[in-house]
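The values are calculated or read from the model by the stated rules, or taken from the named source; none is laboratory data. All of these numbers come straight from a predicted model, not from anything done at the bench. Glycine also receives a Cβ, built like all others from the backbone with ideal geometry; neighbour counts cover every protein chain displayed. SASA here: full protein model, heavy atoms, side chains in, ligands and nucleic acids out. Shrake-Rupley method; radii C 1.70, N 1.55, O 1.52, S 1.80 Å.
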There are 2 protein chains.
Amino acid sequence: MDTGNLFQHIPATLPDELTDTLVSGRQLRIERIVSRGHASPPGFWYEQDSDEWVLLVKGEAGLRFESGDRLLHLTEGMHVHIRAGERHRVEWTSDAGDTIWLAVFHEADQAR
Amino acid sequence: MDTGNLFQHIPATLPDELTDTLVSGRQLRIERIVSRGHASPPGFWYEQDSDEWVLLVKGEAGLRFESGDRLLHLTEGMHVHIRAGERHRVEWTSDAGDTIWLAVFHEADQAR
């Protein structure tokens, strides 16, 4: 087995968001992302080929979805299933400490 | 998008471990498991067809692996990648509160 800890190996300074791939397979990728006040650049939207299930492990963030211009305020323990092609952006993350995300990217399920 | 919160919808009494499926696809299943002092029955071992990546979100637990008789003490933020067929059991979970696991079951990757 492989082990790790989401709260470890976070650098003291974080000029950019930090992304670590924890699991990488043909159909699946699990990432830890650490933000410290970071947000998506103005006008930028994520538009992904994969479905993404994302958990806010620590901190706080605002996630905006283009469709319906919906802004989700994420707090610890909240999770969101973002479908492939669903345009979204990180509007803000807490500047009071680290925001830790767990992102599970997986092949869009045709059968849904 | 679908949303939820790992810390919500936990019953006041928990005679058995509680398992909720958060994502279910052909190649992937994500579960939240809540334990409150629960452990695997004496002599029982999990032996799964899928790989399981598991995160200890809250609480504390002991996870035993048959191979090498290794006992892992899991605290918040720790994650373990358990391969298909790797026999393991939950030796104990904290009786001081809820222990919340996030389990990502996925098809074993032949290419590893």
**Extreme residue, least open to solvent (accessible area, probe 1.4 Å), among residues of region B:6-31 that are of a type outside the set (A, V, I, L, M, F, W, C) and over 17 Å from the mean Cα position of the chain (by Cα)** = B:Gly25
**Request:** State yes or no: is B:Gly68 in a loop (DSSP other than H, G, I, E, B) and on the phi > 0 side of the Ramachandran plot?
**Result:** no
**Fill in**
Filter region A:64-112 for residues that are exposed (fewer than 13 other Cβ atoms within 10 Å of the Cβ) and among the basic types (Lys, Arg); the one that is nearest to A:Val23 (Cα to Cα) is A:Arg112
**Request:** State which residue is nearest to B:Ser67 (Cα to Cα) when the search covers only region A:1-32 and only residues that are in contact (Cβ under 8 Å) with a residue 12 or more places away in the chain and away from chain B (no Cβ under 14 Å).
**Result:** A:Thr19
**Fill in**
Of the residues in region A:55-65, those that are part of a strand (DSSP E or B), more than 10 Å from chain B (Cβ to nearest Cβ) and in contact (Cβ under 8 Å) with a residue 40 or more places away in the chain number 1
**The listed residue being touching a residue at least 12 places away in the same chain (Cβ under 8 Å) and in contact with a Phe, Trp or Tyr (Cβ under 7 Å, 6 or more places away or on another chain), out of B:Gly37, B:Gly97, B:Gly77, B:Gly85** = B:Gly77
